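Since the structure comes first, as structure tokens, the remarks are kept for the end.
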Amino acid sequence: MISSVISRLNDRRDAAADLGEDAGFTLIELMVVLLILAILLAIAIPTFLGVTGGANDRAAQSNLNTALTTVKTQATQLGQTAVAGGTSPVVLVSTAVSAAALAGVVQTPGVSHFFGCTPLGPVGWSIAGGAAVVATGASVIVPWVWRRAWPANGDDEYGVPAAGAGR
């Protein structure tokens with residue numbers, strides 16, 4: 001059966017060759033195909049580059065936002081630790097060492113990328129430092145204002161009522 005199919009195909013091919021029919025593409029057909037491919041590539045490549053460029057921009061913005069949020073949070077915690085520790089040299093030294101380690105981690109490119117952030121510039125450090133100062137100051141001022149505004153017997157040093165001293 002297969003041999004009969006092959007022989008029929010060979011006979012058909014030989015008959016087409018005798019009539020002068022070509023089995024390939026003409027030069028015009030190939031040029032039209034290449035022109036269509038060139039047009040499609042001219043449209044697709046800039047679109048693809050625009051999409052990837054936009055994605056890279058959003059990734060960089062996200063990494064910068066992560067770094068800024070991390071520094072603000074950690075600096076606020078370090079400031080509150082220093083305020084709560086008072087003048088204890090151990091607390092102040094450990095706070096300073098932790099702040100230096102935080103700056104080293106954020107500013108070292110390979111290490112910061114490992115944590116999903118980007119090194120901060122002067123503006124980023126100013127924003128983070130300002131937020132940390134405001135938050136640390138608020139942690140000192142708010143309890144003081146609370147105690148002055150709503151004095152109650154039995155409040156602890158933060159203005160929170162002691163157990164059993166209901167209002």
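Okay, here's what the table says:
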{"quantity": "Qualifying residue in the stretch 120-139 (condition: modelled with pLDDT under 85 and of a type in the set (V, I, T))", "calculated": "no"}
{"quantity": "Answer residue from the stretch 109-136, given it is more than 15 Å from T69 (Cα to Cα) and surrounded by 13 or more Cβ atoms within 10 Å (Cβ to Cβ) and is farthest from the chain's Cα centre (by Cα) among those", "calculated": "T136"}
{"quantity": "Selection within the stretch 83-129 - in contact with a Leu (Cβ under 8 Å, 6 or more places away or on another chain) and either under 30 Å from A60 (Cβ atoms) or touching a residue at least 40 places away in the same chain (Cβ under 8 Å) (or both)", "calculated": "S98, A99, L102, V106, Q107, C117, T118, L120, G124, I127, A128"}
{"quantity": "Residue list for the stretch 11-24, filter: modelled with pLDDT under 75 and at negative phi", "calculated": "R12, R13, D14, A15, A16, A17, D18, L19, E21, D22, A23, G24"}
{"quantity": "Qualifying position, being hydrophobic (A, V, I, L, M, F, W, C), in contact (Cβ under 8 Å) with a residue 24 or more places away in the chain and in contact with a helix residue (DSSP H, G or I) (Cβ under 8 Å, 6 or more places away or on another chain), among A60, A75", "calculated": "A75"}
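The values are calculated or read from the model by the stated rules, or taken from the named source; none is laboratory data. As the structure is a prediction and not an experimental result, all values here were calculated from the model. Neighbour counts are summed over all protein chains in view; Cβ atoms, including those assigned to glycine, are modelled from backbone coordinates with ideal geometry.
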